[in-house]
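Novice: Once you've had a glance at the structure underneath, I'll fire off some questions.
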Amino acid sequence: MGNYDEDTAFLGQKGPFFVILFFLLNAIYISTGFHGLYIVFVGASPSHHCRVADGNLTEEWMKASIPNETLGGKLQPSQCWRYSLQTLRNLSALGYSPLDVNLTDVTLEKCVDGWSYSTQIYHSTIVSEWDLVCDSEWRVPFATSTLYMGYLLGSLVSGQLSDRFGRKKVLFASLAAEALVILAQSFSDSWLLFCVLYFFVGTFQISLYITAFVLGSEVLSKSLRVLFTTLGAFLHYCIGYMVLPWIAFAVRDWRTLLRVLSGLTVVYIPLWWLIPESPRWLLSQGRVLESEAIVREAAKKNKVIAPAVIFSESEVKEAASQKSKYSALDVLRTSDIRKTTFLCLLLWMAINIGYFGLSLNTTNLSGDPFLNCFLSAVTEVPAYIVSTFLLKSCPRRPVLSAFLVIGGGFLLLVQLIPESLHTLALALEMAGKFGFTMSFTVVYIYTAELYPTVLRNLGIGMCSSAARIGSITAPYIIFLGTFNKYLPYILMGSLTIASSITNMFLPETFEKVLPETLEQMQKCKSFIRRDKHTLEEGKGTVIMKEGNCDTLQKIHE
């Protein structure tokens, strides 16, 4: 198996087999859209105040028992304090009315009898069911973080599992396990159990995402592979993201919402018989006949004739026996790669903090929370399209820095908007989300181009782990908004602007042929530049600059 793409070139690029498989794999990403952010509604905090259930108080005194406080620039009933009921009873027994008393002199007490929650928007959430407010308010961002902790574990183990058991088995096992855990989560009788199950939701969800990504990259033709790994997966994720608020709008009870989202997974059952195993993975396991059977089936659907022998078994055994000699330590071996890795880790953390922070913050914005979530999802569609087209013709470094400045700059402007202009504030936040989404797209491609081929998977894996740390942090940054509504915007905006400056210290990769090995990168302190003036049809001349790399090397495009 010298080259899989060359061996299967007879299949063509856009036959029925590839087109159908392209849409089937993309359909799986719809589920990741509405499973990934349901905490926005499940963990929403309805309006609430201390419960006052005292038969010895008149209606007038009960209404006056909750003090007013300024929250987010607005005067509203206190959510965590009430006037001492014993004091109010004594005043009422003496014949006083609330108008006769200076209530600010009355002692305050906590909500010892629990809380009363508004059901105007949500009939039930984990906040209203388990009283995750006031002193327990920290439990909501912690619950959200457990999903991203699961992401961290899943991103570490999913690759090993799919390498051992196969892409298809791990893909559908992750899909089924995620649905079952979400269903079990809907029966949680405590906040702690909810968090434990949410951790496994994250583990299986990221495993599903990564495995589908790998399967598509290995099975699809070259042209559709590029479309799948850029626009395809991202846009179908957006479809699920856009569907989520409409389901939540129709189902206002958190337990029912989770059961509906879990139940929707049954539509994917037929895909088991429609999506094949990766022929590349089968070849790596020495299962040549099974791999050829899938390729021949693809040839039949594409109406082309397959050769008598597609893969040479001796070549397969040789390829399967090769083991990588590189480890995570090699990503830190030289000063150049250490610098690249360190800067990439910072970029991935900053982008994920901003992206997930804004995604989780939609229910805290003024206006309808369902519409805000929908608009946040819609904003991503043009962002993915624009960034994908810009990547084809623009340098990576200035484009990424520009997107980061857009994302962070608009967030810093939010604090300058008067409270009355909440529509403008919403528009600025959506513009910030637009910048973060474009940055998200670019940083994936840019990072892959920064590392030599032999370290690419290791480098992206480390950056993905850093991204998980950023997403774990995001709920707590949003939680700071309970103390000052502008604090999350200031932190996310400042961090993003700083990362845009950091990004300028990375090398440019646009229209440059990248080193294949670590040794090449050690010899050449700068990337290999493609000389446009000597490009011929199908071939180009590469000028290796700096150090001892001043020789010409022919490459195939």
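Please treat every number below as a calculation from the coordinates, not as lab data. The structure presented is a predicted model; accordingly, all values stated were derived computationally and were not measured. Note that we place each Cβ from the backbone using ideal geometry, even for glycine, and neighbour counts take in every protein chain shown.
Novice: Which entries of 392/512; 14/512; 63/485; 14/301; 339/512 have Cα-Cα distances beyond 23 Å here?
Specialist: Values: 392/512 13 Å; 14/512 28 Å; 63/485 28 Å; 14/301 11 Å; 339/512 19 Å.
Long pairs (Cα-Cα over 23 Å): 14/512; 63/485.
Novice: Which distance in Å, rounded to a whole number, links the C-alpha centroids of the range 360-429 and the range 143-190?
Specialist: If we compute the Cα centre of each part, the gap is 29 Å.
Novice: Let me ask something else about it. Just want the ordering: 495, 94, from fewest to most Cβ atoms lying within 10 Å of their own Cβ.
Specialist: Ordered from fewest to most neighbouring Cβ atoms within 10 Å, 495, 94 come out as 94, 495.
Novice: Excluding residue 122 itself, calculate the net charge of residues whose Cβ lies under 9 Å from the Cβ of residue 122, where each Lys or Arg counts +1 and each Asp or Glu counts -1.
Specialist: 0
Novice: Using a simple charge model, +1 on the beta-carbon of Lys and Arg, -1 on the beta-carbon of Asp and Glu, nothing else, what dipole does the range 1-140 show about its Cα centre, in debye to the nearest 20?
Specialist: 200
Novice: While we're here: What share of Cα pairs, in percent, lie more than 21 angstrom apart in the range 1-93?
Specialist: Working: 2812 of 4278 pairs.
For the range 1-93, the fraction of Cα-Cα distances above 21 Å is 66 percent.
Novice: Now, a different point. Which residues make up the longest stretch of the chain clear of trypsin sites (Lys or Arg not before Pro) that lie in a DSSP loop with no more than 11 other Cβ atoms within 10 Å, not counting the sites?
Specialist: Formally, the longest exposed-site-free interval is 1-302.
Novice: Mind grabbing the base-10 log of I(q)/I(0) for the chain at q = 0.07, 0.08, 0.10 Å⁻¹? Debye formula, identical points on the C-alpha positions, no solvent, two decimal places.
Specialist: The Cα Debye sum returns log10 ratios of -0.49, -0.62, -0.91.
Novice: Let me know the charge dipole size of the range 258-297 about its Cα centre in debye, to the nearest 20, where only the beta-carbon of Lys, Arg (+1) and Asp, Glu (-1) is charged.
Specialist: Dipole about the Cα centre, nearest 20: 160 debye.
Novice: If you place +1 on the Cβ of every Lys and Arg and -1 on the Cβ of every Asp and Glu, how big does the dipole about the Cα centre of the chain come out, in debye to the nearest 20?
Specialist: Value, rounded to 20: 1340 debye.
Novice: Still on this structure, I have one more. Could you point to the residue in 332, 477, 150 farthest towards the positive end of the chain's charge dipole, with +1 and -1 charges on the Cβ of Lys/Arg and Asp/Glu respectively?
Specialist: Final value for the positive-end residue is 332.
Novice: Just tell me the longest site-free run in the chain, where the sites are chymotrypsin sites (Phe, Trp or Tyr not before Pro) in a DSSP loop having at most 14 other beta-carbon atoms within 10 Å.
Specialist: Between exposed loop sites, the widest span is 188-482.
Novice: Further, regarding this structure: Projected onto the charge dipole of the chain (+1 at Lys/Arg Cβ, -1 at Asp/Glu Cβ, origin at the Cα centre), which of 115, 422, 238 gives the Cα projection farthest towards the positive end?
Specialist: It is 238, whose Cα lies furthest towards the positive end.
Novice: Once amide H atoms are built 1.01 Å from N in the peptide plane, which residues 5 or more positions from residue 115, or in another chain, come under 5 Å H to H?
Specialist: 51
Novice: Residue 112 versus residue 97, label points 7 Å from Cα toward the beta carbon: distance in nm?
Specialist: 2.9
Novice: Then there is this: Under 5 Å between amide H atoms, partner at least 5 residues away or on a different chain: which partners does residue 71 have, H built in plane at 1.01 Å?
Specialist: Those qualifying (amide H under 5 Å, at least 5 residues apart or on another chain) are 76.
Novice: Further question on the same structure: Just how far, in whole angstrom, is the range 193-222 from the range 114-139 if you go by their alpha carbon centroids?
Specialist: Taking the Cα centre of the range 193-222 as reference, the centre of the range 114-139 is 31 Å away.
Novice: I've got another one for you. Which value at 222 nm does the chain reach when only helices count, each DSSP H run of 4 or more adding -39,500 (n - 2.57), with the total divided by all residues and rounded to the nearest 500 deg cm²/dmol?
Specialist: -19500 deg cm²/dmol
Novice: Hand me the GluC sites (Glu not before Pro) from the range 402-452 located in a DSSP loop with no more than 12 other Cβ atoms within 10 Å, in residue order please.
Specialist: Taking the range 402-452 and a limit of 12 other Cβ atoms within 10 Å, the loop GluC sites (Glu not before Pro) found are 419.
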